[in-house]
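Structure record follows, encoded as structure tokens.
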Amino acid sequence: PYREANAKAEEIRNILQVLQIPMPPGATARQLVDQYQKSVTTLARGATRFYIARDSLDTTRIRAVAVAFAGPGIWGLIKGFLAFDPDLTTIRRISFYQNEETPGLGGDIATGWFCDKFIGKKIRDESGRAGFKIRRSGATGPTEIDGISGATLTCGKVEKMLNVVIAQIDKEGKIVQ
């Protein structure tokens with residue numbers, strides 16, 4: 001039971017982080033759960049669960065929306081959260097809270113320097129087509145980022161996971177707004 005409780009607390013910590021909801025430093029599992037219950041609502045549509053952060057002063061106004069993603073990496077399961085602006089077109093943050101990729105290579109997907117590359121990126125290109133691309137190098141478009149050198153296979157797996165969740169958002173997300 002302690003392992004399950006800790007895993008749930010880590011998941012909640014990542015939801016709060018990706019939605020940019022403040023947490024006390026060194027927050028206990030109970031504090032995380034309390035903050036989550038106070039600050040986040042959920043909405044299920046089809047295969048997608050949306051985690052919604054509302055403005056604390058105007059609860060009718062959505063500040064950010066997050067969705068979970070998961071899929072196989074090279075060595076095991078990768079799980080994370082992707083947060084968007086309320087219009088569900090611009091990425092705010094990405095968080096990886098579980099991965100078994102090689103440290104210093106694919107494991108770097110969870111580092112701040114990699115995750116920060118997603119901030120401000122779009123999930124639809126100029127023609128309106130949904131999808132995201134992690135390039136080996138030379139990313140220039142609004143739906144592209146440069147991958148991690150030496151982690152091409154992991155980046156390809158992450159790209160597939162993100163495109164699955166982006167397709168779900170494209171299909172089911174409009175009702176969140």
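The values are calculated or read from the model by the stated rules, or taken from the named source; none is laboratory data. Here the structure is a predicted model, which means the values were calculated and not measured. Ideal geometry is used to build each Cβ from the backbone, glycine not excepted, and the neighbour counts take in all protein chains shown. Accessible surface areas use protein heavy atoms only, side chains included; no ligands, DNA or RNA. Shrake-Rupley method; radii C 1.70, N 1.55, O 1.52, S 1.80 Å.
Scanning residues 5 or more positions from G147 or on other chains, those with amide H under 5 Å from its amide H are R135, R136, S137, with H placed 1.01 Å from N in the peptide plane.
Could you provide, to the nearest whole Å², the per residue accessible area of the chain with probe 1.4 Å? Write down the numbers at each step before the final one.
Values: 9470 Å² over 177 residues.
So the chain comes to 54 Å² accessible per residue, rounded to a whole number.
About its Cα centre, the chain has a charge dipole of approximately 280 debye under the convention of +1 per Lys or Arg Cβ and -1 per Asp or Glu Cβ, with nothing else charged. The accessible surface of the chain, taken with every protein chain in place and a 1.4 Å probe, is 52 percent carbon and sulfur. Between F69 and G80, F81, L82, the built amide H atoms are under 5 Å apart, and every one of these is 5 or more places off in sequence or on another chain.
Looking at the chain, what % of its DSSP beta bridges pair antiparallel, to the nearest 5? Mind dumping the intermediate values first?
On the way: 27 of 30 bridges.
Bridges in the chain are about 90 percent antiparallel.
Along its principal axes, region 68-108 has C-alpha extents of 35, 18, 13 angstrom, given from the largest down. The spacing between region 103-177 and region 43-75, judged by their C-alpha centroids, is 17 Å.
Kirkwood analysis of the Cα pair distances in the chain returns a hydrodynamic radius of 16.7 Å.
Inter-label distance, R129 to W113: 3.2 nm, where each label sits 7 Å from its Cα along the C-beta direction. Residues whose amide H lies under 5 Å from that of T102, counting only those 5 or more places away or on a different chain, are G107; hydrogens are built 1.01 Å from N in the peptide plane. The mean sequence distance of close C-alpha pairs (under 8 Å, at least 6 residues apart), as a share of the length of the chain, puts its relative contact order at 17 percent. The GNM of the chain, with springs linking C-alpha atoms under 10 angstrom apart, assigns the highest mean-square fluctuation among L88, L162, L57 to L57.
Bridgeable lysines around K133 (alpha carbons under 21 Å apart, same-chain partners fewer than 8 residues away excluded): K79, K117, K121, K122, K157, K160, K171. Highest GNM mean-square fluctuation among D58, D87, D116, for the chain modelled with Cα contacts below 10 Å: D58.
Of the residues Q17, Q37, Q98, the one that moves most in a GNM of the chain with alpha-carbon contacts below 10 Å is Q37.
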